[in-house]
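Taken together, the values in this text are just the output of simple stated rules run on the coordinates, not laboratory data. Predicted, not measured: the structure shown is a model, and the values here were computed from it. All Cβ positions, even for glycine, are placed from backbone atoms using ideal geometry, and neighbour counts span all protein chains on display.
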Amino acid sequence: MNSKIMLIGLGDLGSVTLELLARQPNVEQIVVGSRSAARAQARCNLARLGAMAQGCAPNIRFVPLDLTDPQAAAATIAREQPDLIYSTATLQTWWLPDKLPPPQAQRIYAAGFGVWLPVHLALTLKLMQAVRLADFSGPVLTAPFPDVVNPILNNLGLAPTCGVGNVDEIVPKVRRLAAQALDADADELRVWLVAHHAFQPFAFGQKQGQPPPHFLRVEWRGRDVTPQLAAQNVLFAPYPLTGGPATHFLTAGSTVRVILALLADAETFLHAPA
């Protein structure tokens, strides 16, 4: 598998994903699209040298791309002809409240998920308009709030292939704790989990109360062990994580696996939102 990936957006999540992709031997070329040329060039240089220091030889290239101009973005996509597009572009990062004084941060958190919809929807909508204008038919993955943004885009006939992270970030925790409880190899376990992004704080013990609806099934060597495992206890067991941008390594790890699966010929069992 030798593939050309277009990565749009070089915020914290996009940058971490770039670093991981740069170390993948089967990724032939990474085209990074951003409207901030100097910053993006420097970030590409860092990823290139870091990967080379690890013994890899990535082909990373920057192209100017501004999603607020779908026509120009479409021309860039059509010219580059990537095998897959992955976008992290948004108008505001989700961890902004952590940088604010507590009173202002609490007001934003109290507003709930809905307050984030406009800032995450705007550029993803522009992206999908550009994708359609470019007549691009390959996979398109989007990171910003896909559990809500992507169903809206679907109603407009502009749905991407899927989102990344979120539900798939819970699955490794379930596999890890289930393997410990069963004294099994985590590779022998298969987890089915259906859950909205709003479920995630409950799964990591960050939020109490009634969780959103969800479905969980755990198999060990092809046998359903959900009741034996008391899988709901595993699902809700506290599992402290470093907060803020550090969690992007978890999201990026999940993202890279989805990207490689979509570009491969073989089937891969995994989770993805929306």
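Descriptive notes on the structure:
- Alpha carbon centroid spacing (whole Å) that separates segment 192-242 from segment 1-55: 33
- The alpha-carbon atoms of segment 3-163, seen along their principal axes, cover 46, 37, 25 angstrom, with the largest extent given first.
- For residue 35, distant residues with modelled amide H under 5 Å away: 65
- Cα centroid separation - segment 69-84 against segment 96-168, whole Å: 20
- Percent of Cα pairs exceeding the 15 Å cut-off, where the set is segment 94-138: 57
- 3J(HN,Hα) from dihedral phi, segment 174-186, Karplus parametrisation 6.51/-1.76/1.60, rounded to Hz, x for glycine, proline: 4, 4, 4, 6, 5, 4, 5, 5, 8, 6, 10, 7, 4
- Span per principal axis, largest first, for the Cα atoms of segment 1-76 (Å): 38, 26, 17
- Reachable aspartates and glutamates, given that their alpha-carbon falls under 15 Å from the alpha-carbon of residue 4 and they are not under 8 places away in the same chain: 28, 80, 83
- Of 100, 20, 229, the one that fluctuates the most in a GNM where the chain has Cα springs shorter than 10 Å: 100
- Per-residue ³J(HN,Hα) for segment 220-231, Karplus 6.51 cos²θ - 1.76 cosθ + 1.60, θ = phi - 60°, Hz, x for Gly and Pro: 10, 6, x, 10, 5, 10, 4, x, 4, 7, 6, 4
- Lysines with Cα under 24 Å of residue 173, excluding same-chain neighbours fewer than 8 positions away: 207
- Ratio Rg/Rh, restricted to the chain and using Cα atoms, in which Rh is the Kirkwood radius: 0.97
- If R0 is 45 Å, the Cβ-Cβ spacing of residue 79 and residue 53 corresponds to a FRET efficiency of close to 0.90.
- Antiparallel content of DSSP bridges confined to the chain, in %, to 5: 30
- Among 174, 194, 225, the largest mean-square fluctuation in a Gaussian network model of the chain, built with springs joining Cα atoms closer than 10 Å, belongs to 225.
- Here's the picture: a label point sits 7 Å out from the Cα of residue 111 along the beta-carbon direction, and within segment 140-154 the residues with their amide nitrogen under 16 Å of it are 145.
- Karplus-based coupling profile of segment 248-259, in residue order and whole Hz: 5, 5, 5, 4, 5, x, 4, 4, 4, 5, 5, 4, with θ = phi - 60° in 6.51 cos²θ - 1.76 cosθ + 1.60 and x standing for Gly or Pro.
- Rounded to the nearest 500, the 222 nm mean residue ellipticity of the chain from helices alone is -13000 deg cm²/dmol, with -39,500 (n - 2.57) taken per DSSP H run of at least 4 residues.
- Average Cα contact separation per residue, the chain, under 8 Å, 6 or more apart, as relative contact order %: 19
- Rg(Cα)/(2.2 N^0.38 Å) for segment 167-236, N = residue count: 1.04
- For segment 188-274, alpha-carbon Rg over 2.2 N^0.38 Å: 1.21
- Stretch gain in nm, segment residue 152-residue 242, where the contour uses 0.36 nm per residue and the Cα spacing is subtracted: 29.3 nm
- Pairwise label distance in nanometres, residue 96 with residue 210, each label 7 Å out on the Cα-Cβ vector: 3.2
- One decimal place: the segment residue 185-residue 41 gains 47.6 nm when fully extended, by the rule 0.36 nm per residue minus the C-alpha distance.
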